[in-house]
Structure formats: C-alpha cells, structure tokens
1. When you go through (1) crowded, with 23+ Cβ neighbours inside 10 Å; (2) at pLDDT 95 or above one by one for R344, which number turns out not to apply?
2. Can we say L76 is touching a strand residue (DSSP E or B) at 6+ places or on another chain (Cβ under 7 Å), of a type in the set (A, V, I, L, M, F, W, C) and at positive phi?
3. With (1) in contact (Cβ under 8 Å) with a residue 40 or more places away in the chain; (2) within 27 Å of R344 (Cβ to Cβ) as the list, and W449 as the residue in question, which single condition is left unmet?
4. Here are some residues: D38, D24. Which one is within 23 Å of P141 (Cβ to Cβ), touching a Ser or Thr at 6+ places or on another chain (Cβ under 7 Å), in contact (Cβ under 8 Å) with a residue 12 or more places away in the chain and outside any strand (DSSP E or B)?
5. I need the full set of residues from the stretch 63-108 which are surrounded by fewer than 20 Cβ atoms within 10 Å (Cβ to Cβ), part of a strand (DSSP E or B) and among the aliphatic types (A, V, I, L, M), in order please.
6. When you scan the stretch 457-474, do you find a residue that is within 22 Å of A239 (Cβ to Cβ) and polar (S, T, N, Q), even just one?
7. Please enumerate the residues belonging to the stretch 259-308 that are in contact with a Lys or Arg (Cβ under 7 Å, 6 or more places away or on another chain) and of a type in the set (F, W, Y).
8. Can you tell me which of (1) out of contact with any strand residue (DSSP E or B) (no Cβ under 6 Å at 6 or more places or on another chain); (2) surrounded by fewer than 24 Cβ atoms within 10 Å (Cβ to Cβ); (3) modelled with pLDDT of 95 or more is the one V297 doesn't meet?
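The values are calculated or read from the model by the stated rules, or taken from the named source; none is laboratory data. What you see is a predicted model, and the numbers here were worked out from it, not measured in a lab. Cβ: placed from backbone, ideal geometry, glycine included. Neighbour counts: every protein chain shown.
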Amino acid sequence: MECDYLIVGAGAAGCVLANRLSADPSNRVLLVEAGGSDLTPNVEMPFGQRNVVGNPATDWCVMAEPDPTRDGRVDLWPVGKVLGGGTSINGLVWIRGQRQDYDGWAELGATGWDYESLLRYFRRSESFEGGPDEYRGGDGPVRVSRLRTQHELVDVFVAAGVEAGFGANADPNGADPEGFAPVQTNQREGRRETAARAYLAPVLHRPNLEVRTGVEVSRLLLEGERCAGAVTSGGELRASREVLLSAGAIMSPKLLMLSGIGPRSELAGLGIDVVVEAEGVGRNLQEHPITFVSFFVNVPTLNSMLLEDPEGCAAEWRRAGTGAMTSPVAQAYAFFRSDPSLERPDLQFHFTPVGFDFGPDGLELHERPACMIAANLCRPNARGSVTLRSADPSDPPRISHDLMGDADDVARLAKGCEIAQRVFETEAFAPYLLEQQLPPAPPADSDGWAAYARATAGLAYHPSGTCRMGSDDGAVVAPSLRVRGIAGLRVVDASVMPRIVSANTNATVIAIGERASDLILAGDDS
C-alpha cells in the first residue's frame, strides 16, 4: 500500500500527527502500531497502571544492562506497545516543565523550540477544566482535569510544603510550576485520556486515515538518499511524501540503526550497511532518577481501600467514574529548589497516598495504610545509550545507563530525600503519621542520605534525548525534525529532546507532535 504520510508508532506524538495531517482530505495518512487497542479496562482505569507496565500485552518490557552504579541492578524500561503508546501506560501526570527548559533547547540550536514558540501548542493540545487563559487551552483534544476523587492527605501535603518553607501553586501549568499543588491529569470523566482516545477516536471516520494495529516495523525502506517507507513482516509500506518515526526514545534509535543510520563502528560490527553515519543516534539517553520516603498513617489510603473492597472500588469506577480507581499513583506534585540561591527548581516531588511493599519483584500494595513522597531530579547530568544487540529486529535494544554515576546527581537526589523527610516532620502531617516505612530509620547526615539515594534510586519512566535535535553536526535531526542525511524522514517523539524537561514528559511530547504537524504541513525541512 502507498500513502502520502506513513507514521510509525501510535504513541503520544504519532496520534497527534495522524489527526493533524489527515485534517486535509487530500493527505493519505497511514498510522501503524505494533500493539493493540487501548480500549481495555486496565488501560482506561487510572489505577490500572500497575497492570499494564511490565505486561507484554501493552509494554515492550525492555530490560536494561546491569547498572554498576547501583550494585548491578537491572531495570525494566517500559515502552508502550498499544494504541496511545506511553500515554496508555504512564502515570497520567500532566505538567509542562519550566520555561527555561525550552529556551535552553533553542540555545542549543533547536531554533523555533523556545517556550514562547511552544506555548501555543501546549494550549492547542488541551481542554483544561478550569477554562482557557493566556497559558491554558480550552478546546484542545486532551481533557486535563483535577482529580474527581482526591484523598484527604493531598491538602495536608500542600499545607506541609508551605509550612516547610515552600509555596503553594494554584496552577503549575500556568506561568510557573514552582510550588506544591494537587496533580492535574489527562482524564475524562474518571477515565484515562490516552493520545489515541483524544486524537484518533474522533477522526477514525476520515476516509483518508487508516490505522493498523499489530504491525511491527523491522526497518525503514531507504532508497538512495531518501526514505521511501518501512519494511514489516507483512511486506513493504511506502510513503510518497514522508515517513514519520514516532516509536519513542528507545525504539526510534533502534529502527534508525537497523536501517543503517547510526554510529559507523557499531553498525559495521553487526554487519549492517551504513547509509548515514550519525554518531548521535542512541546517545544522550536521559532519565529522571527517583527515590522514596514513606510513612504508615492512621487513615485509610488507596492500597488499604483496594485490598479491603476491590470489587466495590471497581464497580464505583465503572458506574460513576469516581472513587479510588480514578486515581493515578501520584495525587499531588511539587517543584522546588534544593538551595534557595538557585535560579529555578531542580527537584520534583510526587505525593502518593498509597502504601507499597518494595520487594525484589517490584511494587506490590501493602496491607497497611501508608503514603509516600517520591523525589526526583529535574535535570540529571547522567547520560546513557541505546544500542543494538544484533542485526535481528526481534532482539530488544541494549540500554546502558549509569543512573547514579554523577556525584552531583547523587547529592541533589539525597537533598530531595532530606527535604521530603522535613515535609513529613511538619505539624501538618503530625496528626496522621505512625512509624516510618522507608527509610526505616532516617539517616543522620547528608552522607547517609546519599547512600540511601544510591541504594534505592529507580526510574521515573521518562526516557528522552536519543535522537537529539539541533543545528550542529552531531545532532541527529534538524530543528524541523528531519533526519540529517536522508530526505523524507523525520523523528517526532521524546527522543528529539536535546535535554530532558524538568517534569513528566507526556504533555511535552504531545506539544512536539503538534508543532511537528505544522512544520510538515508547511513543508519545512530546514
């Protein structure tokens, strides 16, 4: 089959592209996705996230190499394998990051990706329940709302943050995210608003748009200096205008390298013909390291509610779209400075009214009520890479990342844990706290907190940066997102970020898709 635009991957950006490009009836658009439908209870139910991450039905379940900076720990790197991609398995946290993130992109050579240029796309993407203003959108595809059922400890968390010397924030997606606030989330009537639900479902009737699931792309179809389509197990798919690679920060570099676009030494060593030598493909992998401080509490929390009456909680969600099942794991967040002298926040909290067992097999619900503050770095220094294990497309990529390999990252994450402890020790929390869960005994000094951070740090599931955009020779894609050295091919997903944003990545990737669609329709290949 031949189309005008072939989109590989129905994740956050891919769904945006399919919608915007097919709005012109003269454009024939084909969107292919390896996974299946997002219309399943575990995807639609916000608290069902723990049933879709690590589930081969919805997740590629890529395992990383042992991390020497954390005693050889091997991490799962979730990669959405379902319509909606990461938006179908993520934590539903809607936050844009900081103005300086995007202005920094522009300073690094990503011309046109500064904050003022992107603001219109953030606004265009969302329908905020609070209504539009100069920062917020009111009629976009993604419904953004506050929680329909909010736990009583959320207000306690915000009050504790204020007591600890940090401000509250009425709208972290407004002028500035700094401060403590209840979470905003991409939900509609208590159900997960995936990118597929927001962008694809309303336009599936268009005769010029075709969406195919269960299609695994093995490599791109390169003819001379042009990308002409993609190769799948079912044959070739051809595009007369452009191929848009939106497979995410793990799978997009994998497909480029399998197609002969990447570091010469690595490709040649695997017997792959080098079409474009691009040393940056798969490099610059970034991720937010995260760790936890938690306490048992004297009020019911989501874990105890669900363990006590799982059928009742599920029935309430099905009937009314309310109750415990409407909750993402995090019900509040905060952005703050580890040192008041800093120019902007360098740490983020997620507050979770859920008690977990932290066992070797991952997180399981604890039988006792508890709550947790998860601290993560906004802008880590550590970098990793995505490479190929072999020339066989069925082999998973090799992910190498020394998460705690940078001393400054360790120190700042430790400071985040110290501040989380301080927030819990406020008068606001005092009436609710019982004994401490993690760490069982708080460290006595910063060295102790650093040791705790190294021992417990994990992933926030925000992989970014592996097909970096810029204007320099080392950039994989130009500011137009066109792959350097090949015509007719762009990358549109989290991999193009020069630096990871200071927040969860969902809203940003959707904005990337929005701006990319305008660049494509305008014929911008600069």
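1. That leaves (1) as the condition not met.
2. Spelling it out, it is not the case that L76 is touching a strand residue (DSSP E or B) at 6+ places or on another chain (Cβ under 7 Å), of a type in the set (A, V, I, L, M, F, W, C) and at positive phi.
3. The number of the failed condition is (1).
4. One residue alone meets the criteria, D38.
5. M63, L76
6. Looking through the stretch 457-474, none of the residues is within 22 Å of A239 (Cβ to Cβ) and polar (S, T, N, Q).
7. Within the stretch 259-308, just F296 meets the criteria.
8. (1)
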